[in-house]
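K.L.:
I have a structure here, written as structure tokens, and I will follow up with some questions on it.
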Amino acid sequence: MQHSKTQDTLVGFFVASGISALFYMALQVSNLGSYSSDDSYTVIAHFQNSGGLKVKSPVSVAGVRIGRVSAIRLDKDSHESVVEMRIESQYNNLPSDSGVSIYTAGLLGEQYVSLDPGSSDEYLKDKSTIDITSSAIVLEEMIGKFMLNKAEGK
Amino acid sequence: MFQFLQNLGKATRSSFAKLGRASFFLSHTLTGISDVVPRPNLLIKQVYSVGVLSFLIITISGLFVGMVLGLQGFNILSDFGAEESLGVMVAASLVRELGPVVSALLFAGRAGSALTAEIGLMKATEQLSGMEMMAVDPIKRIISPRFLAGFLSMPLLAALFSAIGIMGGHLVGVGMLGVDDGAFWAQMQASIDFQEDIINGVLKSVVFGFVVSWIALFEGYDAIPTSEGVSRATTRTVVNSAFSVLALDFILTALMFGDI
């Protein structure tokens, strides 16, 4: 088998397609492509209980994803959960009196933050805090309350 | 009883001797790689016969495996009303397991057996001894370029397999079964982690490429130089490669994904 230019070309094609497959997986399949952190701003919300919310959980308005949760930590004084959300800067007209709640996608799905736009003329800015929050619904708590009500009703 | 003990001892001794020969062979091959670098033509020729000629079988198998995953996954997931997770299922199973493992098995069958037969026949026709007579180290001239080519081609082939498989899953899931296109990709991107899944999958294929090339070349080099010996060596390559790949896959999975 004599070494030829066709062979060189085919090997080049093979290596190029292999590497592009790797890039394809890195960008299209994994979460590497969705880190577009520069053009976004952060808003903060305090929750009584953030339930099973995780970093990178989606933040959505009317079911459309507008950002992701970037950090969850505990406020040492109030013992509340502080949730930081990065919101894409194209959505810069969210009223400042908007409310946020934590919901579960489907019965067993992952939890996400849903933002209900208010009616104020002022808009949320970087580092602004959302005051109207409602906590995650913890299923065990609900069942507990339900059982208690049943027992009391008898 | 005495006979049995004697046979057992003989088998143990010969398998250890083979392991020792294989280790010497490997270290010899690895040191020979430094001589391949100044002669890239040797490498290109081998990447052609090991990688490029395996290209078609890998892409077609990848496409079909991905399409089957799409079909089967849809059937199971639709029972739970979770068809949107089809993308995650297809991508995770391909990137983590099926991509590296199935392409390594195909690679052993397509390229490994060819390598063994080639080296074995070179030995049987005394080409290797002829090279030694001319003071050309056959390991450096023949084995090392082939080893390096197999080692480099395997991750590329596995990546191709996974990428084409995901496209196949998309074709069936979104194109034929009507899963939502956005949900398919979005759920996949949300769940597949670059570090955790893709890098680990590539690491697996690197290990498999190393092992399969080693086994194939060693079996060829160690073959009894008769036509029967070469045929046996070729069989052993495929059997041992498949066995090592599957066993190593378990160990690597336990190390990478299982908290053992």
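Values quoted throughout were computed directly from the atomic coordinates according to the rules given, and no laboratory measurement underlies them. Owing to the predicted nature of the structure, the values given are computational and were not obtained by experimental measurement. We place every Cβ from the backbone using ideal geometry, glycine too, and count neighbours over all the protein chains shown.
K.L.:
Count charges around A:Ala45 for me, please; just the other residues with Cβ under 9 Å from its Cβ, Lys/Arg as +1, Asp/Glu as -1.
P.N.:
That sum, taken over residues with Cβ under 9 Å, equals -2.
K.L.:
Moving to a separate point now. Kindly provide the GluC sites (Glu not before Pro) of segment B:1-106 that DSSP labels as loop, not H, G, I, E or B, and whose Cβ sees at most 11 other Cβ atoms within 10 Å.
P.N.:
For GluC sites (Glu not before Pro) across segment B:1-106 that sit outside H, G, I, E and B with at most 11 neighbouring Cβ atoms in 10 Å, the list is empty.
K.L.:
Another question, then. Can you tell me the length gained on complete extension of the stretch B:Phe243 to B:Leu8, counting 0.36 nm per residue apart and subtracting the Cα distance?
P.N.:
On the way: separation 235, 0.36 × 235 = 84.60 nm, distance 2.22 nm.
Contour length minus the Cα-Cα distance gives 82.4 nm.
K.L.:
Separate question: If you only keep lysine pairs separated by 8 or more in sequence, or across chains, how many in chain A come under 25 Å at the Cα atoms?
P.N.:
9
K.L.:
Give me the angle, in degrees from 0 to 90, between the Cα long axis of helix A:5-24 and the longest principal axis of the Cα atoms of chain A, rounded to the nearest 10.
P.N.:
0
K.L.:
Take chain A, mark every one of the GluC sites (Glu not before Pro) that falls in a DSSP loop and has at most 16 other Cβ within 10 Å, then report the longest stretch left between them, sites excluded.
P.N.:
Numbers: sites that count: A:Glu110, A:Glu122.
Within chain A, the longest run free of exposed GluC sites (Glu not before Pro) spans A:1-109.
K.L.:
Starting with the fewest neighbours, write out B:Phe161, B:Phe257, B:Phe194 ranked by other beta-carbon atoms found within 10 Å of each beta-carbon. Working shown, then result.
P.N.:
Working: B:Phe161 31, B:Phe257 13, B:Phe194 16.
Ranked by crowding around the Cβ, least crowded first: B:Phe257, B:Phe194, B:Phe161.
K.L.:
Mean-square fluctuation check for chain B, GNM, Cα pairs under 10 Å: which of B:Met133, B:Met154, B:Met89 is largest?
P.N.:
Largest GNM mean-square fluctuation: B:Met133.
K.L.:
Taking R0 as 51 Å, what's the FRET efficiency between B:Ser27 and A:Lys56 from their Cβ-Cβ distance, rounded to 0.05?
P.N.:
Working: r = 45 Å, r/R0 = 0.89.
Step by step, r from the Cβ atoms, then E = 0.65.
K.L.:
For A:Ser60, list long-range residues whose amide hydrogen, built 1.01 Å from N in the peptide plane, is under 5 Å from its own amide hydrogen.
P.N.:
The answer is A:Ile66, A:Val113, A:Ser114, A:Leu115.
K.L.:
Now for a different question. Within chain B, what is the number of lysine pairs with alpha carbons under 19 Å apart, leaving out pairs fewer than eight places apart on the same chain?
P.N.:
On the way: B:Lys10/B:Lys18; B:Lys18/B:Lys123; B:Lys45/B:Lys140; B:Lys123/B:Lys140.
Number of lysine pairs found: 4.
K.L.:
Compute the semi-axes of the equivalent ellipsoid of the protein assembly as shown, taking the square root of 5 times each eigenvalue of the Cα gyration tensor, and list them largest first in whole Å. Don't skip to the end; give the middle numbers.
P.N.:
Numbers: eigenvalues 631, 124, 74 Å².
For the protein assembly as shown, the ellipsoid semi-axes come out as 56, 25, 19 Å.
K.L.:
Farthest toward the dipole's positive end in the protein assembly as shown, which of B:Phe64, B:Ala186, A:Ser4, given Cβ charges of +1 (Lys, Arg) and -1 (Asp, Glu) about the Cα centre?
P.N.:
Final value for the positive-end residue is A:Ser4.
K.L.:
Rounded to the nearest 500, what is the 222 nm mean residue ellipticity of chain B from helices alone, with -39500 (n - 2.57) per DSSP H run of 4+ residues and division by all residues?
P.N.:
After summing the helix terms and dividing by the residues of chain B, the value is -25500 deg cm²/dmol.
K.L.:
Ok, one more. So, in nm, how far is label B:Ile76 from label A:Asp97 when the simple model puts each one 7 Å beyond its Cα toward the Cβ?
P.N.:
It is 5.1 nm.
K.L.:
Related question: With a sphere of radius 13 Å drawn around the Cβ of B:Glu132, what net charge do the other residues whose Cβ falls strictly inside it have (Lys, Arg +1; Asp, Glu -1)?
P.N.:
On the way: positive: B:Lys123, B:Lys140, B:Arg141; negative: B:Glu126, B:Asp137.
Spelling it out: positives minus negatives among the neighbours equals +1.
K.L.:
Could you state the number of Å between the C-alpha centres of segment B:31-86 and segment B:115-189?
P.N.:
For segment B:115-189 versus segment B:31-86, the Cα centre distance is 8 Å.
K.L.:
Quick check: residue separation of A:Val138 and A:Ser78 times 0.36 nm, minus the Cα distance between them. What number comes out in nm? Walk me through the intermediate numbers first.
P.N.:
Working: separation 60, 0.36 × 60 = 21.60 nm, distance 2.01 nm.
Using 0.36 nm per residue and subtracting the Cα-Cα distance, I get 19.6 nm.
K.L.:
Just the number: Rg to Rh for segment B:2-256, Cα atoms, Kirkwood Rh, two decimals.
P.N.:
Details: Rg = 21.3 Å, Rh = 19.8 Å.
In segment B:2-256, Rg relative to Rh is 1.08.
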